[in-house]
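Dumping the structure here so I can ask a few things about it.
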Amino acid sequence: MKRSRIGDLPMRVIYRILAVGVAVILAAVATVVGFVSSGSPDQPGEGKTGQIAAPSAAPPSPGSGSAEPSTPATEPSASVSPSETPSASETPSASASPSGSPSETAAPSSAPDGSEPAPDRSAVIAALTDPRVPDLPRDKRLGRLPGKADKSKRRVQDGKSGVSLVRLGKPWKAFGASPFSTKQVLPKAKGAGHRAMLVSCPVPILVQKEAKDTALLAARWTLNHHPKGSKISWTASQSIKDGWLLAYRVKYKVKGKARSSMAAVAVTEVSGAKPAMLFATIPDAQNKYWRAINTAVSSLRLK
């Protein structure tokens, strides 16, 4: 007959059952104590050992209302390949039609609005690696260029740049200004690589801390308005009122023949705005009008 009650079990069986129960209870207690003492892995910094990976911060969604400012992106280098960067970037190519004439509709390179200067000279350093642009000479004044002085008393008002300049007499005439603010031109000359022009506008490149550097980048940019393959040869580098003047010969070839132009860039500070730029270029086929560059530069005034 089978035993059905615990009291009927042999004592050695009862002892074994009690021993197993005690062991199970002790193991459970040890597990709980170990978990509590180790700290929760969901709370960074509470554990005493082990490296805790920093949680990845997801960007706040638009309109989330988060007051924590996001880390600003690093400003891209202004160095141009060189581009006025240039990109100018940035190496800007000289814009020319198949006939060698510069495009008159090419827009100036975009640049940030306002007069906040670039944080460093990286764009200038890059520009000076451009084989078309030699190192600037020490201060050298612009001499009197060939030709007859223009005695015009009329003036052109450039509302976008905040300056005014001379309105040259005949054969100069006003022309469609775009992409500049004002534009005056001479009749086209046979054999010239481009059309003579006198223009003004806010500087179309990144403003530098020094006016001399801004003028350098502007002069480099003007190669876009000369025949492809043009190179600069400096003839003057001097300070002017609230700015800087660079004058230079631009050398190039037209149908295999060596030609050149006389050119100048003047930049001047304008209160609360980007500096204004005056740019003049006249091909050697019309060198009797080169003196107009002296006239134009000396006529530049704030409005």
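The values are calculated or read from the model by the stated rules, or taken from the named source; none is laboratory data. From a predicted model like this one, the values you see are computed outputs, not experimental measurements. Using ideal geometry, Cβ is built from the backbone for each residue, glycine included, and neighbour counts are taken over all protein chains shown. Side chains included, ligands, DNA and RNA excluded: accessible areas come from the protein's heavy atoms. Shrake-Rupley method; radii C 1.70, N 1.55, O 1.52, S 1.80 Å.
Scan the range 165-179 and report the pairs whose first residue is closer than 9 Å to SER152 by Cβ and whose second residue is in a loop (DSSP other than H, G, I, E, B) and open to solvent by 70 Å² or more (accessible area, probe 1.4 Å), with Cβ atoms within less than 6 Å and a gap of 6+ or a chain change.
Taking only residues 6 or more apart or on different chains, the pairs are ARG167/ARG154.
Out of ARG167, ARG138, which single residue is at pLDDT 50 or above and either closer than 30 Å to LYS188 by Cβ or of a type in the set (S, T, N, Q) (or both)?
Being at pLDDT 50 or above and either closer than 30 Å to LYS188 by Cβ or of a type in the set (S, T, N, Q) (or both) holds for just one of ARG167, ARG138, which is ARG167.
Just a yes or no: is a residue in the range 203-224 farther than 22 Å from LEU136 by Cα and at pLDDT below 95?
no
So which residues in the range 258-274 are buried (at least 24 other Cβ atoms within 10 Å of the Cβ) and closer than 17 Å to HIS225 by Cα, if there are any at all?
Residues satisfying the conditions are SER261, MET262, ALA263, ALA264, VAL265, ALA266.
Here is a further query. Among the listed residues LYS183, LYS190, LYS148, LYS160, identify the single one that is in contact with a Pro (Cβ under 8 Å, 6 or more places away or on another chain), of a type in the set (D, E, K, R) and at pLDDT 85 or above.
LYS160
Same structure, new question: List the strands (runs of 3 or more DSSP E) that sit entirely inside the range 155-209 and contain at least 1 residues that are touching a Leu at 6+ places or on another chain (Cβ under 7 Å), open to solvent by 20 Å² or more (accessible area, probe 1.4 Å) and β-branched (Val, Ile, Thr).
Of the strands (runs of 3 or more DSSP E) lying wholly inside the range 155-209, those with at least 1 residues that are touching a Leu at 6+ places or on another chain (Cβ under 7 Å), open to solvent by 20 Å² or more (accessible area, probe 1.4 Å) and β-branched (Val, Ile, Thr) span 155-158.
A follow-up question, please. Please determine whether any residue of the range 246-265 is aromatic (Phe, Trp, Tyr), farther than 21 Å from ARG301 by Cα and touching a His at 6+ places or on another chain (Cβ under 9 Å).
There is at least one residue in the range 246-265 that is aromatic (Phe, Trp, Tyr), farther than 21 Å from ARG301 by Cα and touching a His at 6+ places or on another chain (Cβ under 9 Å).
Follow-up question, since we're still on this one. Scan the range 131-154 for residues that are closer than 12 Å to ASN294 by Cβ and surrounded by 13 or more Cβ atoms within 10 Å (Cβ to Cβ) and jot them down.
LEU142, LEU145, GLY147, ASP150
Something else now. Can you name the number of the only condition in (1) assigned to a strand (DSSP E or B); (2) open to solvent by less than 40 Å² (accessible area, probe 1.4 Å); (3) not aliphatic (A, V, I, L, M) that ARG249 fails?
Just one mismatch for ARG249, condition (2).
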